[in-house]
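Chemist: Structure in structure tokens, see below.
The values are calculated or read from the model by the stated rules, or taken from the named source; none is laboratory data. None of these values were measured; they are calculated from a predicted model. As a convention, Cβ positions derive from the backbone with ideal geometry for all residues, glycine included, and neighbour counts pool all protein chains shown.
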Amino acid sequence: MIFEINPAFKDSKNEILSAFLNFDNSGEKFINGERNKIKIFEISGNRVNIKSFKIPNKLNQLVYKYFRKSKARRSFEFANKLIEKGIGTPTPVGFQENYSGIGLQRSFYASLHQDYDLTYRELVEVKDFPDEVNILQQFTRFCYKMHEAGIEFKDHSPGNTLIKKQDDGTYQFFLVDLNRMNFHDSMDISLRMKNLSRLTPKKEMVRIMVDEYAKVSGNDSEKLFEMLWNDTEKFQKKYHRKQNTKKKLKSIFK
């Protein structure tokens, strides 16, 4: 077993390790996915989210043991990097990896539970969402700050940004599902636009975002729109092709 605890929570180490150990039989269900599950635990007066990652296949068990960091470890390390760079994410608490002779088995990542009012997904799915333009503009400035810090969030999809409204009308943004990230010295404009291409298929939302990105970056809005919309269309075609293939396979193997 390998684990690491955020020094700020060292006094809660035993409770955190106990929550990892007893994950299946305790805690409050929060997300019960096919691959990964999240539960909420009360630890030393804090609400803590613990994410349990699915046991990898035999090949990946070996890969994660010898060649690549686990998703749990990467989530913890990347969360710390984001915070160092001033980018919002739920506070990391710790991670644990369990190994057999073959390789990685169960692994867990813990972070403080983050309250939020919406995710980016609601902006896509709910027509005329209240204060939508303002939220999109502030979100775009958040993305620009992230790109300026050299952060390429590879799972930058609608459900992976939590949004919290503040009393002064501004919004805070928190990235979740962190295990796929690249960190660069700098990011060119092509990579930046591609990084935004998974967020929305709606042209009017893309327009609001590129106008704001152009304003803060000094780039030409029409150039950015052409780049981002082209990347968005490519992603949407690939996504729907993949979904159609899954449906066909399911119908064959019913």
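Chemist: Show the residue pairs meeting these rules: Cβ distance below 7 Å; 6+ apart or different chains; first residue within the range 43-58 and surrounded by fewer than 13 Cβ atoms within 10 Å (Cβ to Cβ); second residue modelled with pLDDT under 95 and in a loop (DSSP other than H, G, I, E, B).
Modeler: K58/I102
Chemist: Please specify each residue of the range 153-188 satisfying the condition of being without any contact (Cβ under 8 Å) to a residue 40 or more places away in the chain and either touching a His at 6+ places or on another chain (Cβ under 6 Å) or among the β-branched types (V, I, T) (or both).
Modeler: T170
Chemist: While we're looking at this one, here's another question. Within the range 87-100, work out how many residues are surrounded by fewer than 18 Cβ atoms within 10 Å (Cβ to Cβ) and under 18 Å from K37 (Cβ atoms). Spell out how you get there, then give the answer.
Modeler: Within the range 87-100, the first condition is being surrounded by fewer than 18 Cβ atoms within 10 Å (Cβ to Cβ), and the residues that meet it are 98-100.
Those still in the list that are under 18 Å from K37 (Cβ atoms) too: 98.
The total comes to 1.
Chemist: Taking the range 193-222 only, how many residues are among the hydroxyl-bearing types (S, T, Y) and assigned to a helix (DSSP H, G or I)?
Modeler: Keep residues of the range 193-222 that are among the hydroxyl-bearing types (S, T, Y), which gives 197, 200, 213, 217, 221.
Still in the list and also assigned to a helix (DSSP H, G or I): 213, 217, 221.
Final tally of qualifying residues: 3.
Chemist: I want to confirm something. Restricting to the range 39-56 and keeping residues that are over 10 Å from A110 (Cβ atoms), of a type in the set (A, V, I, L, M, F, W, C) and assigned to a strand (DSSP E or B), which single residue is farthest from the chain's Cα centre (by Cα)?
Modeler: I40
Chemist: Search the range 182-216 for residues being within 15 Å of E233 (Cβ to Cβ) and of a type in the set (K, R), and hand back the single one that is surrounded by the fewest Cβ atoms within 10 Å (Cβ to Cβ).
Modeler: Ranking the qualifying residues of the range 182-216, first place goes to K203.
Chemist: Also, I was wondering about something else. From the list A110, A8, A72, pick out the single residue that is in contact with a Gly (Cβ under 9 Å, 6 or more places away or on another chain), under 30 Å from A149 (Cβ atoms) and of a type in the set (G, A, S).
Modeler: Working: A8 fails: in contact with a Gly (Cβ under 9 Å, 6 or more places away or on another chain); A72 fails: in contact with a Gly (Cβ under 9 Å, 6 or more places away or on another chain).
Exactly one of A110, A8, A72 is in contact with a Gly (Cβ under 9 Å, 6 or more places away or on another chain), under 30 Å from A149 (Cβ atoms) and of a type in the set (G, A, S), namely A110.
Chemist: Taking the range 139-174, which residues are of a type in the set (A, V, I, L, M, F, W, C) and within 19 Å of M205 (Cβ to Cβ)?
Modeler: Correct list: F139, F142, C143, M146, F153, L162, I163, F173.
Chemist: All but one of (1) in contact (Cβ under 8 Å) with a residue 40 or more places away in the chain; (2) over 19 Å from L178 (Cβ atoms); (3) surrounded by fewer than 16 Cβ atoms within 10 Å (Cβ to Cβ) hold for G103; which doesn't?
Modeler: So G103 meets the others, but not (3).
Chemist: Additional query: Could you run through the range 130-176 and say how many residues are part of a loop (DSSP other than H, G, I, E, B) and among the aliphatic types (A, V, I, L, M)?
Modeler: 2
Chemist: Please give the number of the condition K127 fails out of (1) assigned to a loop (DSSP other than H, G, I, E, B); (2) modelled with pLDDT of 95 or more; (3) surrounded by fewer than 16 Cβ atoms within 10 Å (Cβ to Cβ); (4) over 18 Å from the mean Cα position of the chain (by Cα).
Modeler: (2)
Chemist: Here's another thing I want to ask about it. Just to verify a result, which residue in the range 1-29, among those that are aliphatic (A, V, I, L, M) and loosely packed, with under 12 Cβ neighbours inside 10 Å, is nearest to S111 (Cα to Cα)?
Modeler: The residue in question is A8.
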